[in-house]
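For reference, the structure is listed below as structure tokens.
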Amino acid sequence: MASDTASPRRKPDSVASKGERRRTPYRRRLRSRIIVSFVLLGFCLTTLFAFATNWARMRVENQLVEDVMNRNISEYVRRYYESPDRNPDLPVQQMRARLIKPDKFEALREEEPDWYEFKDGLYNMGGVDERGERYSYKLAVRKTPDAWAFLAYDMTDSVRGGQQLNRALFLSVLVFSLLSLVLGWWSASKVMKPVSDLAARLRAYRGGTSEPEPLAPRFPDDEVGQLAQALDDYSSRLTEVVQRDREFNADVSHELRTPLAVIRGATELLLTRPGLDEKVLQRLQRIQRAEQQCSDLIGALLLLSRNERGQGSSNVARVAEQLLDAHRAQLGGKPLELHLDGERDLVIDAPEAALSVALGNLIGNAVKYSQDGEVRVHVGTNAVSVTDSGPGLSEEDAAKLFQRGYRGTHAGHSQGGGIGLSIVSRLCDLYGWQVSVRPGGARGVIATLTFSPKPL
């Protein structure tokens, strides 16, 4: 059975992607993005400030220390040349001066090999003392043929102070990041409250009245208010379209039912006449079945337009038997057998009109595309299946069968607009049924209509 109709409708993209949104709600929520933005902004700004503060401190401190050391070592050398016979005094706190005369150069090589290799300039030095504590100092070097002058500036306290400052800066970054989180949370709540209220009011209108209450008067004249006004305008236009559609469907149904009632009455009157010719009798019965199909279709379409379930119950086997009898009368000599088997007491909570339209489309497709063999309808415990002996279902048809208006590759020049299974799908959505179409093996197709379980 190649379908000349559309198969069950796909879920809208918003519904199809609902699972993805649920998997990543944190990254997709606007509130969360605002909070994350505040946290990142606070973290980046405080980190940048801490880095700039530390860099400025180190730069200024090094510059000051180096300036002091350069002045002092120059003064130390000058005092030496004024009085070469004695070591000059240099009473500067945190500094230690040393003067090496030429006869002590080689001794310095063994005592302080690094100092011996240094040229004029400033050097950062460090090490570990006898107590295992690290120390740091800056070393100024001035070398002349007559003497080598060394000036060491103790930087241990300064380094420790820098480490304490770094810890303080790190703590400040952490504190300000937490404050940014709190501020972001509060700001996001304030900013998103109107949007959340708007979304809540929109959700409250689901399945509500045809004329929802306007949204714009409940919001200030800002971006959210403009959005609410746009939604009101769209809702008004949509309400008008829906109302016109419902009125049209109701008018068409009402106007069609009158001539159908006339046809039904005339047919029933003619069928009561005795001595009717066999061909005339068959034609009258065909007209009667066509009238019943039209009535069922009108009733089903009216239910779909109103999006409401009809009242009543249906025996699936009885409806299937009626549909098969109607198709047997229309075979026109085609070597095709129609069979019904399975459960006889399956009753569903739906009017016969809806079941007749849904099951009738499945059986009609099977009969249409089966040129010989058989069409078998099997009624299960909670489902009914239609198996045909037609040309089967191609991969292309299987991929596009869900598209409204699509006619299968085996449709040929057959009549049909490709909307039959679309109606079946809409009825399934309305009553909670499920419809599926799959290949039947070497040939043929199996269409299955599964009903919703009965409420307890």
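Key figures
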{"quantity": "For segment 216-308, projected area of the alpha-carbon convex hull averaged over all directions, nm²", "calculated": "7.9 nm²"}
{"quantity": "Label-point separation in nm, Arg218 to Arg257, each point 7 Å along Cα→Cβ", "calculated": "3.7 nm"}
{"quantity": "Quarter of the Cα convex hull surface for segment 262-364, i.e. its orientation-mean projected area (nm²)", "calculated": "8.1 nm²"}
{"quantity": "Average Cα contact separation per residue, segment 216-308, under 8 Å, 6 or more apart, as relative contact order %", "calculated": "31 percent"}
{"quantity": "Centroid-to-centroid separation of segment 236-294 and segment 306-355 [C-alpha atoms, Å]", "calculated": "19 Å"}
{"quantity": "Most to least packed among 343-356, 120-133, 319-332, 55-68 [average Cβ atoms within 10 Å]", "calculated": "343-356, 319-332, 55-68, 120-133"}
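All of the numbers you see were taken from the coordinates with simple rules; none came from a lab. Quantities reported herein were computed from a predicted structural model and do not represent experimental measurements. All Cβ positions, glycine included, derive from the backbone under ideal geometry; neighbour counts span all protein chains shown.
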